[in-house]
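*Asks:* Can you keep this structure in mind? I'll have questions shortly.
Each value in this text was obtained by applying a stated rule to the coordinates, not by laboratory testing. Keep in mind that what you see is a predicted model, and the values were worked out from it rather than measured. We place every Cβ from the backbone using ideal geometry, glycine too, and count neighbours over all the protein chains shown.
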């Protein structure tokens, strides 16, 4: 259990943190390190990011935040999430996210920064941040859904299904849950068969023409989470959730 990196031309980064894959500061840091290590390996051609258990990712471990005094843990987890999302986005090779079950909060940050998303039929995506007294990852949600739907999802905390994202074109395939890994590996294998030098340059060039600097945009959002916590809104909503 934890964060596992399986080396190979198609490297796998697997998240397995029961019960719901809500990650602590350390787990976010380990995830960032695993993705970066995979991309830095010259033998890696593609990275598949997936999870075991009930869902892909439930975001930040709220219990860890509630147990902490002061703001050190909040600062640490925001930095760790930033590092994990950046690791996916900046990975030197394409990242295929294989999403099942819940993909919430930080999960949207991971999937939204991936190059390709393949999803199980039961997958759903959402940002519950407003109900938790926080903000963030709208930067990445905006890469998955149209602008007005993104705003509605932030304000209302409603979720969208894998089928809806497939209709938008942001999810490449929707498959039965027991076929998810196979589908992700099939897509990854197709990319891995290409010239690796060309694929790495393609990844670099596509990031270079992105209309939004996702790292700076997400860091801007995080500033409002700090404000909400300083004003007490974060504590109130996290305690209500717990």
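*Asks:* Going by Cα centres, the stretch 198-214 and the stretch 1-39 are how many Å apart?
*Replies:* Result: 23 Å between the Cα centres.
*Asks:* Relative contact order of the stretch 1-88: what whole-number percent is it, with Cα pairs under 8 angstrom and at least 6 residues apart?
*Replies:* 37
*Asks:* Mind ranking 184-190, 109-115 by how tightly packed they are, going by the mean number of other C-beta atoms within 10 angstrom, highest first?
*Replies:* With the highest mean Cβ count within 10 Å placed first, the list reads 109-115, 184-190.
*Asks:* Going highest first, how would you order 49-57, 226-234, 95-103 by mean Cβ packing within 10 Å?
*Replies:* 95-103, 49-57, 226-234
*Asks:* Based on the mean of other Cβ atoms within 10 Å per residue, sort peptides 64-77, 139-152 so the most packed one is first.
*Replies:* Top to bottom by mean Cβ count within 10 Å: 139-152, 64-77.
*Asks:* Rounded, prolate or oblate, given the Cα gyration tensor of the stretch 124-223, with a/c below 1.5 counting as rounded?
*Replies:* oblate
*Asks:* May I pose another question? Report the relative contact order of the chain, percent, no decimals, based on alpha-carbon pairs under 8 angstrom and at least 6 residues apart.
*Replies:* It rounds to 20 percent for the chain.
*Asks:* Nearest 10 degrees is fine. How inclined is helix 180-192 to the longest principal axis of the chain, computing both from alpha carbons?
*Replies:* With rounding to tens, the tilt is 50 degrees.
*Asks:* Here is a follow-up. If you fit an axis through the alpha-carbon atoms of helix 147-156 and take the longest principal axis of the Cα set of the chain, what angle between them do you get, 0 to 90°, nearest 10?
*Replies:* Helix 147-156 sits at roughly 40 degrees to that axis.
*Asks:* What angle do you read, to the nearest 10 degrees and between 0 and 90, between the alpha-carbon axis of helix 72-90 and the longest principal axis of the chain?
*Replies:* Once rounded, the angle reads 20 degrees.
*Asks:* Same structure, new question: Show log10 I(q)/I(0) for the stretch 20-117 at q = 0.18, 0.20 Å⁻¹, two decimals, from a solvent-free Debye sum over equal Cα scatterers.
*Replies:* Computed log10 I(q)/I(0) values: -0.78, -0.93.
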